[in-house]
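Asks: The structure's right below; bear with me while I get my questions together.
Every number in this text was worked out from the coordinates using simple rules, so none of it is lab data. Worth saying up front: this structure is predicted, and the values here are computed from it rather than measured. Reconstructed Cβ throughout: ideal geometry from the backbone, glycine too, with neighbour counts over all protein chains shown.
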Amino acid sequence: MRSGNDANVAALGEMWQGGGKGYSDLVMITLGTGVGGGVILDQKIVSGKHGLAGEIGHIHVRDEEREHCNCGGVGCVEQIGSATGIAREARRKMEASGKPSALREFGDAVSAKNVLDAAKEGDELALEVMEVVGHYLGLALSMAVMIVDPEIFVIGGGVSKAGQFLIDVIQKYYDRFTAISPHKAKLGLATLGNDAGIYGAARLIL
Ligand SMILES: [Zn+2]
């Protein structure tokens with residue numbers, strides 16, 4: 001589990017000087033070893049009464065999951081959308097099918113970066129993994145959008161280095177699950193990397 005404060009402060013930093021610059025209402029989702037989130041409304045951190053606001057990584061999305069998440073739950077967004085989750089999904093897909101794939105040379109050591117690189121090259125199995133990832137991240141964002149309706153989702157963390165390719169795969173499912181309206185938060189990339197927290201902390205002091 002991540003520290004709620006860290007993700008929220010990073011979100012504030014991205015609003016001030018990063019991917020959310022110019023917006024006052026945003027939700028940040030960080031796809032790293034885990035999946036963190038932060039909600040900013042009217043330029044202020046929303047942490048909730050129990051510190052749970054923004055815990056997007058631990059929204060339950062997958063009923064078929066049997067393994068436990070770090071939070072104690074089962075079927076969390078983090079189990080699919082984190083770097084760890086993407087790699088695990090790839091191992092499962094390799095095991096479940098005999099399909100040839102560039103990922104097989106990495107075996108059990110396959111990483112999220114391997115998957116994203118291969119998917120960009122058109123590797124079928126890697127693309128199947130990313131469809132699953134896009135599906136569940138898109139689902140999580142569609143839930144968030146109907147609750148807080150931000151101006152933008154800022155997507156950060158190591159996985160977001162895949163750039164527009166990642167945005168596109170999430171966008172496809174996000175649009176499908178928010179058919180209610182074409183007018184909704186856009187998806188953007190974080191730009192501050194590990195410095196987001198420093199910017200956020202500075203903004204809090206200011
Ligand atoms: Zn969890």
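Asks: Using a 10 Å Cβ count of at most 10 others and DSSP loop calls, identify the longest part of the chain lacking such trypsin sites (Lys or Arg not before Pro).
Replies: Values: sites that count: Lys49, Arg66.
Answer from the scan: 67-206.
Asks: Using only the Cα atoms of the stretch 14-84, build the gyration tensor, take square roots of its eigenvalues as a ≥ b ≥ c, and label the shape rounded, prolate or oblate: rounded if a/c is under 1.5, else prolate if a/b is larger than b/c, else oblate.
Replies: Numbers: a/c = 3.15, a/b = 1.95, b/c = 1.62.
Note, shape of the stretch 14-84 comes out prolate.
Asks: Then there's this: Residue by residue through the stretch 195-203, what is 3J(HN,Hα) from phi via Karplus (6.51 cos²θ - 1.76 cosθ + 1.60, θ = phi - 60°)? Round to whole Hz and write x for glycine and proline.
Replies: 7, 3, x, 5, 4, x, 5, 5, 5
Asks: Right, next: GluC sites (Glu not before Pro), restricted to the stretch 107-206: which are DSSP loop and have at most 14 other Cβ atoms within 10 Å?
Replies: Working: sites: Glu121, Glu124, Glu128, Glu131, Glu151; in loops: Glu121, Glu151.
Answer by residue number: Glu121.
Asks: Next question, about the same structure. Rounded to the nearest 10 degrees, what's the angle between the helix 164-177 long axis and the longest principal axis of the chain, both from Cα atoms, 0 to 90?
Replies: Roughly 80 degrees between the two axes.
Asks: Report ³J(HN,Hα) in whole Hz for each residue of the stretch 145-154, in order, from the Karplus equation J = 6.51 cos²θ - 1.76 cosθ + 1.60 where θ = phi - 60°; Gly and Pro get x.
Replies: Karplus values, whole Hz, x for Gly and Pro: 5, 7, 9, 10, 6, x, 7, 8, 9, 9.
Asks: Once every DSSP H run of n ≥ 4 in the chain is given -39500 (n - 2.57) and the sum is divided by its residues, what mean residue ellipticity at 222 nm do you get, rounded to the nearest 500 deg cm²/dmol? Mind dumping the intermediate values first?
Replies: Values: 7 runs with 90 residues, N = 206.
Dividing the helical sum by the residues of the chain leaves -14000 deg cm²/dmol.
Asks: R0 = 25 Å: FRET efficiency of Leu206 with Leu52, Cβ-based, nearest 0.05? Please list the in-between numbers first.
Replies: Details: r = 27 Å, r/R0 = 1.08.
Calculated transfer efficiency: 0.40.
Asks: Also: Under a point-charge model restricted to the Cβ atoms of Lys and Arg (+1) and Asp and Glu (-1), what is the dipole moment magnitude of the chain relative to its Cα centre, in debye to the nearest 20? List each step's numbers first, then the result.
Replies: On the way: 20 positive and 25 negative charges, 51 e Å.
Using only the charged Cβ atoms, the result is roughly 240 debye.
Asks: Pull out the extension gain between Arg62 and Val148, defined as 0.36 nm times the separation in residues minus the alpha carbon to alpha carbon distance; nm, one decimal. Don't jump to the answer; show the numbers that get you there.
Replies: Numbers: separation 86, 0.36 × 86 = 30.96 nm, distance 2.21 nm.
Full extension of this stretch gives 28.7 nm more.
Asks: Moving to a separate point now. Specify whether the C-alpha gyration tensor of the stretch 137-206 places it in the rounded, prolate or oblate class, a ≥ b ≥ c being the square roots of the eigenvalues: rounded for a/c under 1.5, otherwise prolate if a/b is larger than b/c and oblate if not. Mind showing how you got there, number by number?
Replies: On the way: a/c = 3.02, a/b = 1.55, b/c = 1.95.
Judged from the Cα gyration tensor, the stretch 137-206 comes out oblate (a/c at least 1.5, b/c at or above a/b).
Asks: State the antiparallel share, in %, of DSSP beta bridges confined to the stretch 6-205, rounding to the nearest 5.
Replies: On the way: 10 of 19 bridges.
Roughly 55 percent of the DSSP beta bridges within the stretch 6-205 come out antiparallel.
Asks: Looking at this model, which pairs from Lys93/Lys186; Lys113/Lys186; Lys44/Lys172; Lys49/Lys172; Lys93/Lys161; Lys93/Lys172 are more than 27 angstrom apart at the alpha-carbon? The partial results should precede the final answer.
Replies: Numbers: Lys93/Lys186 30 Å; Lys113/Lys186 24 Å; Lys44/Lys172 29 Å; Lys49/Lys172 33 Å; Lys93/Lys161 23 Å; Lys93/Lys172 21 Å.
Beyond 27 Å between Cα atoms: Lys93/Lys186; Lys44/Lys172; Lys49/Lys172.
Asks: Going toward the positive end of the dipole of the chain, with +1 on Lys and Arg Cβ and -1 on Asp and Glu Cβ, which of Met143, Ala185, Val110 do you reach last?
Replies: Ala185
Asks: I need the shape label for the chain. Rule: rounded when a/c is under 1.5, else prolate if a/b > b/c, else oblate, with a, b, c from the alpha carbon gyration tensor. Spell out each step's value before the answer.
Replies: On the way: a/c = 1.72, a/b = 1.71, b/c = 1.00.
It comes out prolate by the Cα gyration axes.
Asks: Another question, if that's okay. Could you list Phe153, Phe177, Phe165 in order of exposure, starting from the residue whose Cβ has the fewest other Cβ atoms within 10 Å? All intermediate terms of the calculation are to be shown ahead of the outcome.
Replies: Details: Phe153 27, Phe177 17, Phe165 13.
Exposure proxy ranking, most exposed first: Phe165, Phe177, Phe153.
Asks: A further question on this structure: Once phi is turned into θ = phi - 60°, what whole-Hz ³J(HN,Hα) does the Karplus curve with 6.51, -1.76 and 1.60 give for every residue of the stretch 87-97, x standing for Gly and Pro?
Replies: Karplus values, whole Hz, x for Gly and Pro: 5, 5, 4, 5, 4, 5, 5, 5, 6, 7, 10.
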